[in-house]
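Down below is the structure, laid out as structure tokens.
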Amino acid sequence: MPGHLLTVEEYAALGDTDRGFTELVEGRVVPSPGAGRRHNMAACRLAAQLERQLPRELAFVLGNDLDLGLSPRGEPGFARRPDLLVFTRAAITRDDMIRADEVAVVIEIVTPGSRRTDYRVKHDEYADAGIPHYWIVDLGEPVSLVACRGYENAAAVTGTFTADVPFPVKLDLDALLS
């Protein structure tokens, strides 16, 4: 790793590591441990449910870097790798990172090692980045989803999550692990 704080562009140039994925926090490369099969299965099942319901102008991707745009270009930056991103389809054609202003929803699936980061740290970073919707899926018993809109947290929903914004969606949360 370079011996200085990285810009988003320098971070992107590093590419993937052989020890799992990383994120960029205030110019520092932060490793993230593997999430495990249970988490990955839930992410894939959630993506499958979303894919059938997304409007044509939106797309989704699993585990892709996101430039939060929280610092001026050339300054130490912020890049997260959410579990799922729903973003404008126009961003697919570019080779660089998806940008916060292209995102409709960021979805994080909580793991034992990410609880505080997902509920607090990323919550605040995504709000600061202007991402309009943040959904936190918790795989504890029972599986729940907290929808953050305008960064006011709604009550946790179990069973079936429904929303009209940013697009009409109905998610069977129990099916994420069954």
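Only one of (1) touching a residue at least 24 places away in the same chain (Cβ under 8 Å); (2) touching a strand residue (DSSP E or B) at 6+ places or on another chain (Cβ under 7 Å) fails for THR7. Which number is that?
The one condition THR7 does not meet is (2).
Listed residues VAL137, VAL110, VAL61; which is in contact (Cβ under 8 Å) with a residue 60 or more places away in the chain and under 13 Å from the mean Cα position of the chain (by Cα)? Spell out how you get there, then give the answer.
Details: VAL110 fails: in contact (Cβ under 8 Å) with a residue 60 or more places away in the chain; VAL61 fails: in contact (Cβ under 8 Å) with a residue 60 or more places away in the chain.
Checking each option against the conditions leaves just VAL137.
List the number of the failed condition for VAL165; all other conditions in (1) among the β-branched types (Val, Ile, Thr); (2) in contact (Cβ under 8 Å) with a residue 60 or more places away in the chain; (3) out of contact with any His (no Cβ under 7 Å at 6 or more places or on another chain) hold.
(2)
Mind listing just one residue for me: the one in the range 37-51 that is farther than 10 Å from ILE109 by Cα and small (Gly, Ala, Ser) and, of those, surrounded by the most Cβ atoms within 10 Å (Cβ to Cβ)?
Looking at the filtered set, the residue picked out is ALA47.
Yes/no matrix, rows are residues, columns are (1) touching a strand residue (DSSP E or B) at 6+ places or on another chain (Cβ under 8 Å); (2) at pLDDT 95 or above:
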site: PRO55; (1), (2): no, yes
site: ALA59; (1), (2): yes, yes
site: LEU68; (1), (2): yes, yes
site: ALA79; (1), (2): yes, yes
site: ALA90; (1), (2): no, no
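What single numbered condition from (1) within 12 Å of the chain's Cα centre (by Cα); (2) closer than 20 Å to ASP16 by Cβ; (3) crowded, with 20+ Cβ neighbours inside 10 Å fails to hold for ARG81?
Evaluating ARG81 over (1) within 12 Å of the chain's Cα centre (by Cα); (2) closer than 20 Å to ASP16 by Cβ; (3) crowded, with 20+ Cβ neighbours inside 10 Å leaves (3) as the failure.
Can you tell me which residue is farthest from LEU66 (Cα to Cα) among those in the range 143-164 that are outside any strand (DSSP E or B) and at pLDDT 95 or above? Reasoning before the result, please.
Narrowing the range 143-164 to residues outside any strand (DSSP E or B): 143, 150-151, 154-156, 159, 164.
Within this subset, residues satisfying the condition of being at pLDDT 95 or above are 143, 156, 159, 164.
Numbers: VAL143: 26, ALA156: 25, GLY159: 29, ASP164: 24 Å.
Among residues in the range 143-164 that are outside any strand (DSSP E or B) and at pLDDT 95 or above, the one farthest from LEU66 (Cα to Cα) is GLY159.
Residues of the range 27-53 being more than 25 Å from GLU9 (Cβ to Cβ), assigned to a loop (DSSP other than H, G, I, E, B) and in contact with a helix residue (DSSP H, G or I) (Cβ under 9 Å, 6 or more places away or on another chain), which ones? Give the steps one after another, and end with the answer.
Taking the range 27-53 first, the residues more than 25 Å from GLU9 (Cβ to Cβ) are 33-53.
Filter again for assigned to a loop (DSSP other than H, G, I, E, B), leaving 33-36, 52-53.
Scanning the range 27-53 gives GLY34, ALA35.
Quick one: count up the residues across the range 83-107 that are in contact (Cβ under 8 Å) with a residue 40 or more places away in the chain and not in a strand (DSSP E or B). Give the steps one after another, and end with the answer.
We begin by selecting, within the range 83-107, every residue in contact (Cβ under 8 Å) with a residue 40 or more places away in the chain; these are 83-84, 86, 96-97, 104-107.
Subsequent filtering for residues that are not in a strand (DSSP E or B) retains 83, 96-97.
The qualifying residues number 3.
Is it fair to say VAL106 is touching a Pro at 6+ places or on another chain (Cβ under 9 Å) and aliphatic (A, V, I, L, M)? Can you show your working first?
Values: touching a Pro at 6+ places or on another chain (Cβ under 9 Å): yes; aliphatic (A, V, I, L, M): yes.
Judged against the criteria, VAL106 is a match.
The values are calculated or read from the model by the stated rules, or taken from the named source; none is laboratory data. Here the structure is a predicted model, which means the values were calculated and not measured. Every residue, glycine as well, gets a Cβ built from its backbone with ideal geometry; the counts of neighbours run over all protein chains shown.
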